[in-house]
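Please treat every number below as a calculation from the coordinates, not as lab data. Nothing here was measured: the structure is a model prediction, and the numbers come from that model. Cβ sites come from the backbone with ideal geometry, for glycine too, and all protein chains shown count toward neighbours.
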Amino acid sequence: STDGEISNFKGLVLLTTDTLNTTIFERATRQKDRLSSPFARNFNPDQWREAMEGNLENERDANLCLSAIFFGNQVSTLRQRYHHELFHGISKRSALILSVGSANRNFFALRDEYRKRRSGKSGESEAVHLMELGKSSVENAPQSGLSSDDVVTAIVDTLPHWFFEAKGLADCREPIDTDFFDLERRAGVVLSVEAGIRDLWNAALWEGCRLKKEGDEMHFGPVDREGAYFWFACQMRSEAAVIGPLALFHDLPEERDDLQEVKSVIVSHRRKGRWKLAFRKPSKKAFKRLTNTINVLEKSYLSDLLNEEIDVDGTAVTSRVLVQALWCLELLGSALNSINRAKHIKSYRDASELSLRVPRSVCVRVFKECLMLDETVAEATCTQLTLYPCGHFHTSGRLSWVSLHCNYRSIGSIAWAGCLTSKAIPGNSGRPLKP
């Protein structure tokens, strides 16, 4: 300011709630008089056409209807041409195991390729740009020509589409000669494309992007491109301002008094359903990974939530315990992968190995021993970190299993634990869905 006067600040309004919150948006996102989703099996384009005829004066509504019709038709065509043939004959259980096994195989292959690139560059005398290391990709990835970031995005975003397809499959086992290698490759491509279309639809629904015909071509993007670029740049700057200092670990202590009793787990034997586990003091590298994670979270905006209690079937579990439990699952997953022989999925056995299937009781024991938890809290922790893709969790007289999905974008290395039971059938009485 000059001469005691406060200078005027001109703000740039990029997108307002009122701009998005139109009649069609309400019908697309609310339960009352709801329009069918472009990704629903019962998608009805005529319903959207009728809605558009009554709201042609509103440009946002007209664009939203056009996007829904276009993307809905794309998804319907994709499913009609490929999905029925793709999953014909495979069981629900095998589809769930294959989904996690495929995700893990891609992640492990990406990690190994990154390490190979890093070791190859380490002997060079000249400086190496980090982008060179980030160009690692995966053979037989969901789509060809993907960067490492794109591969991880495809791995994570494709999983819900696997689960969606698995829910509609039968429980009877597939023929023993089923080609799992070809199934994984084709399913990964098709479901990855479907996940990409969903991202575009979400951009149209929640970010105001639109389809526009220019000549003989259709273009999709934000209404205000300059504003969108400016918003993206602001997001990157704000994230860098928050994450940058934390990622450098300038003033984070190497040891913590509250983590001195934690233990790591080693799988020393696994044969015919018998598991032999050993619990010992964690390595310096593993322990530092846990302490750094907790320290970073305590310095972030999530610090106030770490000690918040979550009610899980009547048992209180804190977010701090859940973060530590993810670290335990990371160690368990690494121990399992170290004794696995499968590198590619050619059979059901390979898919089962790479899905890192673990009896639920083993997960509970790992939490109990590694984090010094009582049985009830360990059970509740396992429940909270478990996803039931097919609806309900049923263990009456049957052994339940948990498959570990590895993902390096998570706080630990294990981002998802999916409960795959021998009888995971929608409609059975049991625990409700826990995302």
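Figures for the structure shown
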item	result
Per-pair calculated FRET efficiency, R0 = 60 Å: LEU20 and ASP257 via Cβ, rounded to 0.05	0.80
Residue-by-residue Karplus 3J(HN,Hα) for segment 67-81, coefficients 6.51, -1.76, 1.60, Hz, glycine and proline x	5, 4, 5, 5, 5, x, 5, 4, 5, 4, 5, 4, 5, 5, 7
Packing-based ranking, highest mean first, of 111-118, 71-78, 230-237 given that Cβ atoms within 10 Å are counted	71-78, 111-118, 230-237
DSSP-assigned coil residues among GluC sites (Glu not before Pro) in segment 35-80, each with at most 16 further Cβ atoms within 10 Å	GLU57
Label-point separation in nm, ASP177 to TYR301, each point 7 Å along Cα→Cβ	5.8
Segment LYS116-ARG186, extension gain: residue separation times 0.36 nm, minus the distance between their alpha carbons	22.5 nm
Volume per residue that the Cα convex hull of segment 72-123 spans, once the total is divided by residue count, Å³	116
